Amino acid sequence: MTRDVIDPKLLFRDEVVNLPVYKTGTKFHELTEEQSKQEMLRLGSNENPYGPSPRVFEAIQESLNEVHLYPDSTCNDIAEKLGEKLEIDHGRLVFNSGSEAILHAMVNACLRPGDKVVSLVPSFPIINIFALAAGASVIGVPHEDDLSFCADKICQAVGGGVRMVYLCMPNNPTGSYFTEPDLERIVATANSETLFVLDEAYVEFAGDKPDYPDAIKILEVAGQPYIALRTMSKAYALAGMRIGYGISYCEEFAGILKRASTVFNIGGMTLKAAEAALADQAHLTQCLNAISTEKSRIEKEFASQDIRFFNSAGNFICIWFPTLEQALTIEAGMQKNGIFTKGQKGRGTEGVLRITIGKPVDNDRMLAQLRQLR
Ligand SMILES: Cc1ncc(COP(=O)(O)O)c(C=O)c1O
């Protein structure tokens with residue numbers, strides 16, 4: 001006679017059982033057969049529509065005969081190259097299969113039950129999920145009526161003495177950022193044990209904002225502990241390869257985080273692809289310029305249609321809606337026509353719709369759809 005199989009809920013911590021599911025930008029499982037036949041437009045995951053440098057494909061090809069070998073778990077080659085580029089000691093760098101994996105390892109290793117994390121509302125929702133799983137809670141500071149974030153309100157939240165400040169800059173989904181004086185003020189309010197997790201997944205795109213600050217320098221000057229998370233998924237167009245890196249304030253911090261992470265977490269092919277992508281800065285610049293030009297064009301179009309949007313330093317623009325339902329209705333309408341965007345909860349009961357900047361022809365299709373649906 002077999003025993004009744006145990007309820008899996010009893011095997012996990014309560015915080016984990018009740019976690020919400022992360023909603024991705026492209027929901028392939030929701031596609032109807034009819035939709036699958038249309039040309040799909042992926043404007044929901046902030047991918048780079050131009051793809052990676054051609055050198056990436058050569059590097060992948062060359063690494064094919066090594067798939068039976070374990071990769072270099074130290075990531076030394078790419079660490080040295082990146083350290084040189086960033087002009088920092090490469091011992092301060094950590095790598096993992098995407099920056100979300102570093103964030104996950106960070107939260108697991110640093111947060112204790114009852115700890116508090118400050119973040120923005122809306123921001124990258126995964127921090128809420130990871131923090132909840134660790135038994136910590138997130139204090140969310142919402143944006144203002146004019147769609148900006150108020151540094152004083154962040155200072156107030158940070159000043160209460162929190163374990164971690166998760167600052168996504170440019171912020172996903174709004175693209176917002178704090179200027180140098182604002183950021184200096186926020187950092188100055190924190191006590192010396194507050195860890196700043198600076199999520200810079202979109203930092204390469206911020207080059208088109210003259211007042212975008214050097215956040216790492218500000219944290220360095222203040223002597224504040226931090227880790228800046230970066231990814232090769234967005235500007236370098238390697239989302240499918242899965243590699244991200246963290247720049248930590250000291251080598252010892254990086255060392256502890258490495259010990260708290262899995263060992264062989266990046267494949268050899270991915271490492272070679274990432275090195276090739278980093279080596280082709282001309283390709284990166286071309287992509288960034290094309291995306292920036294299109295972002296300005298879309299912003300002008302939105303302004304002429306009285307669409308309210310956030311000031312974005314990312315490769316996306318976020319539209320504000322009075323209700324979540326309105327944002328989700330437009331998202332669903334677009335999806336019905338093969339265009340994926342990402343609707344999510346905004347401040348309170350409000351909603352937002354985040355649209356990735358695509359190629360010009362894709363953006364035309366998106367703009368035409370939006371005009372029809374509003
Ligand atoms: C703000 C932010 N951080 C991190 C990530 C995760 O990036 P990765 O692909 O490196 O895990 C994303 C992906 O959308 C993001 O928007």
Query - Whole-number Å³ per residue for the convex hull built on Cα positions in region 237-331 - result: 182 Å³
Query - Label point distance in nm, Glu299-Asp280, each placed 7 Å from Cα along Cα→Cβ - result: 2.8 nm
Query - Label-point gap, in nm, between Asp14 and Asn76 - each point 7 angstrom along Cα→Cβ - result: 4.9 nm
Query raised in the report: If we count other beta carbons within 10 Å of each Cβ, what is the order of Glu58, Glu144, fewest first?
Result: Glu144, Glu58
Requested in this report: Compute the FRET efficiency between Leu86 and Glu325 as 1/(1 + (r/R0)^6), taking r as their Cβ-Cβ distance and R0 = 41 Å, and round to the nearest 0.05.
Outcome: 0.40
Query raised in the report: For the chain, what is the mean residue ellipticity at 222 nm derived from helices alone (per DSSP H run of n ≥ 4: -39500 (n - 2.57); sum divided by total residues; nearest 500 deg cm²/dmol)?
Result: -12000 deg cm²/dmol
Query raised in the report: Going highest first, how would you order 271-281, 257-267, 350-360 by mean Cβ packing within 10 Å?
Result: 350-360, 271-281, 257-267
Report task. With 27 Å as the limit, write out which pairs from Lys217/Lys359; Lys234/Lys258; Lys23/Lys116; Lys116/Lys295; Lys272/Lys336; Lys234/Lys345 have Cα-Cα distances beyond it, or answer none. Result -> Lys217/Lys359; Lys116/Lys295; Lys272/Lys336
Report task. Arrange the following residues from fewest to most other Cβ atoms within 10 Å of their Cβ: Cys150, Cys75. Result -> Cys150, Cys75
Report task. Over 21 Å, how big is the tail of the calculated P(r) for region 54-279, in percent of all Cα pairs? Result -> 55 percent
Query - Kirkwood Rh and Cα Rg combined as Rg/Rh, region 68-153 - result: 1.11
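Since every read-out is calculated from the coordinates, none of them should be taken as a lab result. Computed from a predicted model, the values in this text were never measured in an experiment. When we count neighbours, we look across all protein chains shown, and the Cβ atoms used for this are built from the backbone with ideal geometry, even at glycine.
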